[in-house]
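The values are calculated or read from the model by the stated rules, or taken from the named source; none is laboratory data. Predicted model, so just to flag it, every value in this text is computed and none were measured. Positions of Cβ are backbone-derived with ideal geometry, glycine not excepted, and every protein chain shown enters the neighbour counts. Areas reflect the complete protein model, heavy atoms only, side chains present, ligands, DNA and RNA absent. Shrake-Rupley method; radii C 1.70, N 1.55, O 1.52, S 1.80 Å.
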Amino acid sequence: MERLIIINGKLILPTGIETNKTMVCRNGKIEHIVSSEAYIPQADDRIIDANQQYVSPGFIDIHIHGGGGHDFMDGTVEAFLGVAETHAKYGTTAMVPTTLTSTNEELMTTFAVYQKAKSLNKKGAQFIGLHLEGPYFAPSQKGAQDERYIVPPRREHYEKILEKANGSILRWSVAPELEGAMELGRRLMREGILPSIGHSDAVYETALEAFENGYTHLTHFYSGMSGLVRKNSYRFPGLIESGYMEDGFTVEVIADGCHLPISMLKYVYTAKGPSKTVLVTDAIRGAGQTEGHTIIGSLKNGYEVFIEDGV
């Protein structure tokens, strides 16, 4: 069987970045990595010269909204496939399409479109489940979420969503301090869905209770969450401090150097370590675009933002 050989690359390995290595792949998997001198060619080898570029595992993006002029909230198969193909060009091999707070109609449409797009996705990063970002958030931490559609978690509401999603949801970001959120966390665990804490003003005690009810992940760490809170003469740790204090929490960071500066990214990595730190893009429609205006959310109900100096 033909082997795929990658030579002359900077291989990103657990031991660091290795330059004098050759990667041998067979049947779509890495068979072994040898020193360049030890590589023995075979007649049917297909060789790729990486030309000193990085050779990395495919990126799995668990928080992404769009790219290439498309957003998952557009509600079309073309948008889903467009995002997947755009990010595949930059090394993303799998993704978790993420929603925004929206009308119930838009959200329900997204479920049907996702299933169809998943079956047709042959060229882009593969879809491995949906991430619902909202609509159960603290309005005070709404960030780019549309406040018109933020609601508290009511059982009849989320049960309808779970039924309509039909097993498509992989994770769900919620503000755990809201009434009914702890019950929702337990419900999601039974469904095999990861409850995440996001767009929340919870303090440490609430975060610990949430952890016990399944909320083991913090959505875009530092963004849309409480820090140290002062009430009268007392100070209370917020979600940011909770992420460090509770070792069990995994934290995701938007590793673009803008949402968090490089110094803070290093700090998070040092404190939480690689096994508890998740890198995401949280990319929107304008990803892949260098300048000009774009839209957050759907073309129908989204709002305009501007890209300047690549930001």
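Summary of values
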| quantity | calculated |
| --- | --- |
| Any chance ALA88 is open to solvent by 20 Å² or more (accessible area, probe 1.4 Å), without any contact (Cβ under 8 Å) to a residue 40 or more places away in the chain and either in contact with a strand residue (DSSP E or B) (Cβ under 8 Å, 6 or more places away or on another chain) or small (Gly, Ala, Ser) (or both) | yes |
| Cross-chain or 6+ apart pairs with Cβ under 7 Å, the stretch 226-246 first and buried (at least 17 other Cβ atoms within 10 Å of the Cβ), then at pLDDT below 95 and not in a loop (DSSP other than H, G, I, E, B) | GLY238/VAL229 |
| Identity of the residue in the stretch 32-48, farther than 17 Å from GLU2 by Cβ and either hydrophobic (A, V, I, L, M, F, W, C) or assigned to a strand (DSSP E or B) (or both), that ends up farthest from the chain's Cα centre (by Cα) | ALA38 |
| Check on SER223, under 17 Å from PRO135 (Cα atoms) and part of a loop (DSSP other than H, G, I, E, B) | yes |
| Set GLY66, GLY16, GLY28: member being of a type in the set (Gly, Ala, Ser) and either touching a strand residue (DSSP E or B) at 6+ places or on another chain (Cβ under 7 Å) or surrounded by 17 or more Cβ atoms within 10 Å (Cβ to Cβ) (or both) | GLY66 |
| Given (1) without any contact (Cβ under 8 Å) to a residue 60 or more places away in the chain; (2) assigned to a helix (DSSP H, G or I); (3) crowded, with 19+ Cβ neighbours inside 10 Å, number of the condition GLY124 does not satisfy | (2) |
| Single match in THR109, THR93, THR101 (criterion: under 20 Å from ILE150 (Cα atoms), open to solvent by 10 Å² or more (accessible area, probe 1.4 Å) and either touching a Phe, Trp or Tyr at 6+ places or on another chain (Cβ under 6 Å) or part of a strand (DSSP E or B) (or both)) | THR101 |
| Selected residue (only one of VAL151, VAL77 is within 27 Å of ILE307 (Cα to Cα), open to solvent by 10 Å² or more (accessible area, probe 1.4 Å), modelled with pLDDT of 95 or more and of a type in the set (A, V, I, L, M)) | VAL77 |
